[in-house]
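Worksheet: one structure, shown below.
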Protein chains: 2
Amino acid sequence: MKFNRRTHTCGELREENIGEKVILNGWVDNRRDLGGVIFVDLRDRYGITQIVFEPHYNVESHKEGSALRSEFVVAVEGTVRKRPDNTENLSIPTGLIDVMVDKIIILNEAKTPPFPIQKSENVNEDIRLEYRYLDLRSEKMQKNLIMRSKMYNTVRNYFNDNGFLEIETPYLMKSTPEGARDFLVPSRIHRGKFYALPQSPQTYKQLLMVSGFDKYFQIVKCFRDEDLRADRQPEFTQIDIEMSFVDQEDIFQMVEGLMVKLYKETKNSEIETPIRRMDFHEAMEKYGSDKPDLRFNLEMKTLNHVFENSEFRVFKDAIESKGIISGLVAEGCGDYTRNQLDVITNFVKQLGAGGLIWMRVTEDGLDAPVAKFMTDDEKQGIIDNLGAKPGDLLFIISGPKMKSLSIMGFLRLEMAKRLNLIKPDTKPSLLWVTNFPLLEWDEDTKRFYAMHHPFTSPNLDEVDKLETDPGSVNARAYDLVLNGNEIAGGSIRIHNSELQSRMFDALGVSKEEAETKFGFLMNAFKYGAPPHGGIAFGFDRLAMLFAGEDSIRDVIAFPKTSSASSLMDDSPSFVDEEQLKELFIKIR
Amino acid sequence: MKFNRRTHTCGELREENIGEKVILNGWVDNRRDLGGVIFVDLRDRYGITQIVFEPHYNVESHKEGSALRSEFVVAVEGTVRKRPDNTENLSIPTGLIDVMVDKIIILNEAKTPPFPIQKSENVNEDIRLEYRYLDLRSEKMQKNLIMRSKMYNTVRNYFNDNGFLEIETPYLMKSTPEGARDFLVPSRIHRGKFYALPQSPQTYKQLLMVSGFDKYFQIVKCFRDEDLRADRQPEFTQIDIEMSFVDQEDIFQMVEGLMVKLYKETKNSEIETPIRRMDFHEAMEKYGSDKPDLRFNLEMKTLNHVFENSEFRVFKDAIESKGIISGLVAEGCGDYTRNQLDVITNFVKQLGAGGLIWMRVTEDGLDAPVAKFMTDDEKQGIIDNLGAKPGDLLFIISGPKMKSLSIMGFLRLEMAKRLNLIKPDTKPSLLWVTNFPLLEWDEDTKRFYAMHHPFTSPNLDEVDKLETDPGSVNARAYDLVLNGNEIAGGSIRIHNSELQSRMFDALGVSKEEAETKFGFLMNAFKYGAPPHGGIAFGFDRLAMLFAGEDSIRDVIAFPKTSSASSLMDDSPSFVDEEQLKELFIKIR
């Protein structure tokens, strides 16, 4: 089909174009027939321009205009006109003009879309995903993907300006499942062998440091074959960063510069630096989370010292078993009904809590079923330590330390929601959480796992405890948290093959297994590895937060469902037996 | 290990720093002990600085300096000194100064590398690939990957500046093998189903046009499970571009702007635009290739009209079977020996030629075994048409048209090499080849294949022949050629579901198969698809040509061998039976 190409986009014409002959290409956003005059909003990525078919102006084109339907693709030639008085539309930049159509060519017709494109909020998401190419026409999805594209460019220019090299790492790599499941790719050339898709380019970026590239970054797809949660996809995008001859302060500064630039260029807003830092252990105790949301305060308090001599069995047990007693004030919630309190009790029980202690603060002191188990000093101690006042509601959770803190952390978030502590204009809260435990004990398999990953360096003054008390060793690891979401995580790495061996020992990875899986990395460390460290951002989540969306699917062009399917092209799908034969595999 | 971080890189110090206390971090490039004074070239990505250990200056550090070996990683503190007269090294930017070492910390020792890092040209490539992290330390690989990183940035900024959106397309997609083999990824959630890794994001980028994103680009990994040739990798990088409401001139202009910028920013050189355009049929007839190298002329001539009435059986047959008689002059090669001519004859026979006719041009005319089969008019016709003169050598190949032209094209390249027609300062030659045939007939399977891909639009005035004479239809397809290498290929696409159906019919793809594989795309076309087209660059090859290398492995950080293995991490590899069970597959 031959057609005249646009002279302007649909977002471009202004008053100064009045009188000009123009050509526009675009989609019919909607068509209104007002007493013989036809008005069409012509849409493209850049905006909307009203085009007008008037029988007295051009009888031919008016006739063709009547054939137009929503989502038809057209090329129009016409003359820019000042809109008649009182018909201006000040809500769009082209709203002072319209285009009187001389000639129109229909470039493509369109069936009626299965859902209204601009009003799809209430459409079943499965339908939107099946017709993703239509859903992507919506103003929301256009805005989100345009913003995401801008973020790529900001990120890349920032790292380029700071002397980083963008280096591509392989997608077909070795399977080394340690943590999540690998996606596997059968080899056609090597019978019975498989590649894995990268869960992260971790080993490669460390090797690039061994190679002396000094500063590396990449925006790269990573893959994890895990059961999906709302904000997970089988493939996800990472901003991957690694630097040599640095400690964690260097990484912090580099990342903070990026965040300043992203806020400035994407949202035209300023953030304060340096970003606050908080020790993991403090974060857990005060906020019950390794990714605390500090847009509001609502701080938890440890009350163990108040109950040092308590005879109340619950608290006595907690203290004797080195557990914790943690308290939280819900300001002004003293009037919660028994029913409301049951709902909240249920909430923490579902998270695994043995129970929830609540107390109303009145002018006369504490009013609660458990009050009778406490001495007056203890009651006063609670009030003093929590800074509670009449009309408040208090919560106490006790038990094993990390578990109890974590549950109280969820209760903290729940109460913030109920108390409406996050307002639309609340400032974003960025936070570095540092000094994570190096290892995590897993009760099921009775072994330690790396909390970050097995290449993370222990704190240098704690290395000696790696064999004697591995659970107490902390790591040179750090997370960047935005509004209670982990948006990036990283560490200073081990760069010494001997320390790396000790780390594998602590993880219960045998010499043989370490050699088979990571021999090349440990070998590389023997040829002059520099001290190095890095960080990786979850880019989808970052884009989601910047876009103000609740689902990462709203910032991904072609996402998968929670069962890892694409409803649009119906993948995964069955393949020809011939393809499987060539790969030496069959279905079991 | 605690250490002082660098104040400067190893490429940074100049005369104006003399007298300053500095800290450098880097690798020992080499160490020379000259009568008690130890000189070390300290290396990082940014350059080399000479550091000096002198016993009279600092006895302690001198002692430690003696322990240094090649590739040790160190942090040195010292004072910048003007080098003594006549010891300057003008070949490096830091060559006027050196650093007298006050203190040195060895950050990591290094085993002796398995090959000399800076002189690895003669090292077996398998060894270089096994120790890729060391090979990447070489000046050559550093230079190549730094240049490649610069190219990414140039490309991205160019497209951003021109209003393109960078949008990520999925890596886990539907298997639609049409052309090359897919890499498959078994699904753990959907028993017996598979994803495929993208051979290109073709369908997605077309859908993004249907969605109205108007201008899309992406630098993206693609995958083809084919047997590898020297310049192929199982995973390769593509600069992927698509635009709406365009014809091929718009694509050409956009790409030419990119090439100007790449030459300017990467090589600081200018290229002329517009880039020359040549019809596919002309390229074949004159240069025997759809990617002619025009750095030299050496033009082939079609001689059919000279032999219209020839009784010489070979030519008679060629003309009667609608074949071709193609001639080429090798200037001044009239003195080639019989042995040399045998070698060349063998060369074309191995390419599938029935034979090679050669003739020496002498003052008396043509001197050749076949001369006796030709009339004097024919002989004169050859000389005139080829513009030959005494002392030249002539070649004639005849037979089926495309095959003969192609063989002559290879002979043309071979003779250019022998005649040394490409000099180091020869200007690069860029060329658009246009108007490719839409379809290619395959004798083995007795069907047509899409020469570009099945989404390429036929020429609009040839659409009618799609059913009656499909082999004669040309396409709105184009390749960009650099020095005889195809560096990019693209087309204006079909944007109409009815025409797309006719194209699948011409390809012998059944309605059912088209529906199963590409139904979502054809369906999308029914909801208002704009006219659109695009192009994709092979980025590895482009980087290789810019770097002046002969192998794409020299511009890829971690390449695979020709058997698609990584010698460094030994992938692909066997995986646990447990992993296969979860994926419902077993080895056959």
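Give, in nm to one decimal, the length gained when the segment between B:ASN459 and B:ASN309 is fully stretched (0.36 nm per residue of separation minus the Cα-Cα distance). Walk me through the numbers on the way to the answer.
Working: separation 150, 0.36 × 150 = 54.00 nm, distance 3.58 nm.
Between B:ASN459 and B:ASN309, full extension yields 50.4 nm more.
Which lysines have a Cα less than 17 Å from the Cα of A:LYS111, not counting those fewer than 8 places away in the same chain?
Filter leaves B:LYS526.
Under a 1.4 Å probe, what is the accessible area of the stretch B:537-577 per residue, stated in Å²?
Working: 1320 Å² over 41 residues.
Value for the stretch B:537-577: 32 Å² per residue.
May I ask which of A:LYS150/A:LYS427; A:LYS446/A:LYS517; B:LYS316/B:LYS401; A:LYS560/B:LYS193; A:LYS379/A:LYS423 have a Cα-Cα span longer than 25 Å here? Walk me through the numbers before you get to the answer.
Working: A:LYS150/A:LYS427 22 Å; A:LYS446/A:LYS517 22 Å; B:LYS316/B:LYS401 14 Å; A:LYS560/B:LYS193 15 Å; A:LYS379/A:LYS423 34 Å.
Too far apart for the 25 Å limit: A:LYS379/A:LYS423.
Report the label-to-label distance for B:LYS103 and A:GLU320 in nanometres (one decimal), using points 7 Å from each Cα along the Cα→Cβ vector.
5.4
Using a Förster distance of 35 angstrom, determine the FRET efficiency expected from the C-beta separation of B:GLU249 and B:ASP227, and round it to 0.05. Numbers along the way, then the final one.
Numbers: r = 38 Å, r/R0 = 1.07.
Efficiency, from the Cβ-Cβ distance: 0.40.
Return the inverse of the average 1/r over all pairs of distinct C-alpha atoms in the stretch A:15-108, which is the Kirkwood hydrodynamic radius, in Å to one decimal. Please report the intermediate quantities before stating the final value.
Numbers: mean 1/r = 0.0769 Å⁻¹.
Hydrodynamic radius (Kirkwood, Cα only) of the stretch A:15-108 equals 13.0 Å.
Which one of B:ASN309, B:GLY533, B:LEU393 has its Cα pushed farthest toward the positive end of the charge dipole of chain B, where Lys and Arg give +1 and Asp and Glu give -1 at the Cβ?
The Cα lying farthest towards the positive end belongs to B:GLY533.
Distances from B:MET402 to the same position in the other copies: list them in nm, one decimal, shortest first, using label points 7 Å from Cα along Cα→Cβ.
6.5
Can you list the HN-Hα couplings for the stretch B:326-337, worked out from phi with the Karplus curve (6.51, -1.76, 1.60; θ = phi - 60°), rounded to whole Hz and with x for Gly and Pro?
Here the 3J(HN,Hα) series is 10, x, 9, 9, 10, 4, x, 9, x, 8, 4, 6 Hz.
Given q = 0.14, 0.15, 0.21 Å⁻¹, what are the Debye log10 I(q)/I(0) values for the stretch B:296-418, with equal point scatterers placed on the Cα positions and solvent ignored?
-0.53, -0.61, -1.30
Output the residues of the stretch A:480-521 meeting this criterion: accessible area (heavy atoms, 1.4 Å probe) in the chain alone minus accessible area with all protein chains in place is 40 Å² or greater.
A:HIS495, A:PHE520
Anything losing 20 Å² or more of accessible area from the isolated chain to the full protein assembly: pick those residues out of the stretch B:67-96, probe 1.4 Å, ligands and DNA/RNA ignored.
The answer is B:VAL73 - residues whose exposure falls by at least 20 Å² when every protein chain is included.
Averaging sequence separations of C-alpha pairs under 8 Å and six or more residues apart, then dividing by the length of the stretch B:296-418, give the relative contact order as a whole percent.
Values: 196 pairs, mean separation 45.8, N = 123.
Contact order relative to length: 37 percent.
Rank A:TYR287, A:THR203, A:LEU34 by how far each Cα sits towards the positive end of the charge dipole of chain A (+1 on Lys, Arg Cβ; -1 on Asp, Glu Cβ) and give me just the farthest.
A:LEU34
Explain nothing, just the number: dipole magnitude of the protein assembly as shown about its Cα centre with +1 on each Lys and Arg Cβ and -1 on each Asp and Glu Cβ, in debye rounded to the nearest 20.
Working: 152 positive and 186 negative charges, 102 e Å.
So the magnitude is around 480 debye.
Just name one of A:HIS495, A:MET173, A:MET243: the one whose Cα is farthest towards the positive end of the charge dipole of chain A (beta-carbon charges, Lys/Arg +1, Asp/Glu -1).
Of the options given, the answer is A:MET173.
With every protein chain present, what is the per residue accessible area of the stretch A:468-507 (1.4 Å probe, Å²)? List each step's numbers first, then the result.
Working: 1030 Å² over 40 residues.
Averaged over the residues of the stretch A:468-507, the accessible area is 26 Å².
Which lysines does B:LYS21 reach when only Cα atoms under 29 Å apart count, and residues fewer than 8 places away in its own chain are ignored?
Output for B:LYS21: A:LYS215, B:LYS2, B:LYS63, B:LYS82, B:LYS103.
Would you please name the GluC sites (Glu not before Pro) within the stretch B:55-142 that are DSSP coil residues with at most 12 other C-beta atoms within 10 Å of their C-beta?
When the GluC sites (Glu not before Pro) of the stretch B:55-142 are filtered for loop state and at most 12 Cβ neighbours within 10 Å, B:GLU121 remain.
Restricting the calculation to Cα positions, tell me the Rg (one decimal) and the Dmax (whole number) of the protein assembly as shown in Å.
35.4, 129
Can you compute the modelled spin-label distance between A:ARG81 and A:GLU513, with each label point 7 Å from Cα toward Cβ, in nm?
Between A:ARG81 and A:GLU513, the simple spin-label model gives 7.8 nm.
What are the residues whose amide H is under 5 Å from the amide H of B:CYS333, where those residues sit 5 or more places off or on another chain and H is modelled from the backbone?
HN-HN under 5 Å from B:CYS333: B:LEU393.
Placing the label point 7 Å from Cα along the Cα-to-Cβ direction, what are the distances from A:TRP441 to the equivalent spots in the other copies, shortest first, in nm to one decimal?
7.7
Could you compute Rg(Cα) / (2.2 N^0.38 Å) for the stretch B:433-588, with N its residue count? Present the calculation step by step, with values, prior to reporting the outcome.
Working: Rg = 20.6 Å, N = 156, 2.2 N^0.38 = 15.0 Å.
So the stretch B:433-588 has a normalised radius of gyration of 1.38.
Can you tell me the orientation of helix A:139-161 relative to chain A, as the angle in degrees between its alpha-carbon axis and the longest Cα principal axis, to the nearest 10?
Computed tilt is about 60 degrees.
What is the magnitude of the charge dipole of chain B about its Cα centre, with +1 placed on the Cβ of each Lys and Arg, -1 on the Cβ of each Asp and Glu, and no other charges, expressed in debye to the nearest 20?
On the way: 76 positive and 93 negative charges, 281 e Å.
It comes to approximately 1360 debye.
Got a number for carbon plus sulfur as a percent of the protein assembly as shown's accessible area, 1.4 Å probe? Before the final figure, lay out the partial values.
On the way: 23160 of 48520 Å².
With neighbouring chains kept in place, the figure for the protein assembly as shown is 48 percent.
Can you compute the modelled spin-label distance between A:GLN118 and B:ASN297, with each label point 7 Å from Cα toward Cβ, in nm?
Going from the A:GLN118 label point to the B:ASN297 one covers 6.2 nm.
Cα centroids of the stretch A:189-249 and the stretch B:325-391: how far apart, whole angstrom?
With the stretch A:189-249 and the stretch B:325-391 each reduced to a Cα centre, they are spaced 59 Å.
Over chain A, what is the relative contact order in whole percent, taking alpha-carbon pairs under 8 Å and six or more residues apart? Could you put the intermediate results ahead of the total?
Working: 1080 pairs, mean separation 76.2, N = 588.
After rounding, I find 13 percent.
So what is the 222 nm mean residue ellipticity for the protein assembly as shown from helices alone, if each DSSP H run of at least 4 adds -39500 (n - 2.57) and you divide by all residues, rounding to the nearest 500 deg cm²/dmol? Walk me through the numbers before you get to the answer.
On the way: 32 runs with 341 residues, N = 1176.
Theoretical 222 nm ellipticity from helices: -8500 deg cm²/dmol.
What lysines sit close enough to A:LYS403 to cross-link, taking a C-alpha to C-alpha distance under 16 Å and skipping anything fewer than 8 places away on the same chain?
A:LYS286, A:LYS291, A:LYS301, A:LYS322, A:LYS349
Mind listing which trypsin sites (Lys or Arg not before Pro) in the stretch B:477-522 are in a DSSP loop and have 16 or fewer other Cβ atoms within 10 Å?
Working: sites: B:ARG493, B:ARG502, B:LYS511, B:LYS517; in loops: none.
Those that pass, being in a loop and sparsely packed, number zero.
Scan around B:GLY47 for amide H atoms under 5 Å from its own, H built in the peptide plane at 1.01 Å from N, and keep only partners 5 or more places away or cross-chain.
HN-HN under 5 Å from B:GLY47: B:CYS10, B:GLY11.
What order do A:LYS586, A:LYS379 take when sorted by accessible area (1.4 Å probe), most exposed first? Intermediate results must be reported in sequence, preceding the final value.
Numbers: A:LYS586 85, A:LYS379 45 Å².
The ranking, largest first, comes out as A:LYS586, A:LYS379.
With every protein chain left in place, what is the accessible area of A:ILE167 in Å² (1.4 Å probe, nearest 10)?
It works out to around 0 Å².
Measuring nothing but label to label, 7 Å from Cα along Cα→Cβ, what are B:ILE105's distances to the other copies in nm, shortest first?
7.1
Around A:MET278, which amide H atoms from residues at least 5 apart in sequence, or from another chain, sit under 5 Å from its own amide H, with H modelled in the peptide plane?
For A:MET278, the qualifying residues are A:TRP432, A:VAL433, A:THR434.
Accessible area per residue for the stretch B:296-418 in Å², computed with a 1.4 Å probe and the full protein assembly in place, what is it? Intermediate values should be presented prior to the final figure.
Working: 6170 Å² over 123 residues.
Here the per-residue accessible area is 50 Å².
If you take every DSSP beta bridge whose two residues both sit in the stretch A:296-418, what share of them, in percent to the nearest 5, is antiparallel?
Working: 16 of 16 bridges.
The answer is about 100 percent antiparallel.
Excluding ligands, DNA and RNA, what is the accessible area buried between chains B and A, summed over both sides, using a 1.4 Å probe, to the nearest 100 Å²?
Details: alone 30270 and 30260 Å², together 48520 Å².
Buried surface at the B/A interface: approximately 12000 Å².
Can you give the FRET efficiency to the nearest 0.05 for B:LYS261 and B:ALA180, using r as the Cβ-Cβ distance and R₀ = 45 Å? Walk me through the numbers on the way to the answer.
Values: r = 31 Å, r/R0 = 0.69.
After rounding, the FRET efficiency stands at 0.90.
Given Cα pairs under 8 Å that are at least 6 residues apart, what percent is the relative contact order of the stretch B:10-107? Mind dumping the intermediate values first?
On the way: 228 pairs, mean separation 33.4, N = 98.
Worked out over the stretch B:10-107, it gives 34 percent.
Once the Cβ-Cβ distance between A:ARG277 and A:ASP550 is put in as r, and R0 is 30 Å, what FRET efficiency do you end up with, to the nearest 0.05?
Numbers: r = 28 Å, r/R0 = 0.94.
Efficiency at R0 = 30 Å is approximately 0.60.
Consider just the alpha-carbon atoms of chain B and return their Rg together with their Dmax, both in angstrom.
That works out to 30.3, 95 Å for Rg and Dmax.
The values are calculated or read from the model by the stated rules, or taken from the named source; none is laboratory data. The model shown is predicted, which means the values in this text are computed figures rather than measured ones. Using ideal geometry, Cβ is built from the backbone for each residue, glycine included, and neighbour counts are taken over all protein chains shown. Ligands, DNA and RNA are stripped out before the accessible areas are found, and what is left, the full protein with its side chains, is counted by its heavy atoms. Shrake-Rupley method; radii C 1.70, N 1.55, O 1.52, S 1.80 Å.
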